[in-house]
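Asks: Could you have a look at this structure, given as structure tokens, before my questions?
The values are calculated or read from the model by the stated rules, or taken from the named source; none is laboratory data. As the structure is a computational prediction, the values presented were derived from the model and not from experiment. Glycine gets a Cβ as well: all are built from the backbone with ideal geometry, and neighbour counts include every protein chain shown. Ligands, DNA and RNA are stripped out before the accessible areas are found, and what is left, the full protein with its side chains, is counted by its heavy atoms. Shrake-Rupley method; radii C 1.70, N 1.55, O 1.52, S 1.80 Å.
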Amino acid sequence: AVRLDQMLDVMNTRIPRRALGWQTPSALWTARGAICDNRQELEEEVGSRVRRIEEAQRRAGVGEAVARDRAERFAIETALERRGYLRIG
């Protein structure tokens, strides 16, 4: 456990990454802006999307448990992408 903590520290605080503009993950995380989003609004948007996606999947014959799992994942991803918090590439 101690070695793992040391490795995480090295990877996140001491090794700059090209994909991060030659900054460390820790430096980018510290420099990020505050997230000022209405969480209630986000939750309502996700819930609404879940219901619509679930209904469409049920009509397509997808099982209920699978439909719920997929619907939640897609709804959360879409809401986060719309707000600029997630990029799927």
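Asks: If contacts are Cα pairs under 8 angstrom and at least 6 residues apart, what is the relative contact order of the chain in percent? Could the numbers behind the result be given before it?
Replies: Working: 47 pairs, mean separation 15.6, N = 89.
Relative contact order for the chain comes out at 17 percent.
Asks: Between R73 and N12, what is the label-to-label distance in nm when each label sits 7 Å out along the Cα-to-Cβ direction?
Replies: Placing both labels 7 Å beyond Cα along the Cβ direction yields 2.5 nm.
Asks: Roughly how many percent of the accessible protein surface of the chain is carbon and sulfur, given a 1.4 Å probe and a whole-percent answer?
Replies: Details: 3880 of 7260 Å².
Summing carbon and sulfur atoms, their accessible area is 53 percent of the total for the chain.
Asks: Hey, what's the Cα Rg ratio for the chain versus the globular rule of thumb, 2.2 N^0.38 Å?
Replies: Taking N as the residue count of the chain, the ratio is 1.54.
Asks: Also, I was wondering about something else. With every protein chain present, what is the per residue accessible area of the chain (1.4 Å probe, Å²)? Before the final figure, lay out the partial values.
Replies: Working: 7260 Å² over 89 residues.
Averaged over the residues of the chain, the accessible area is 82 Å².
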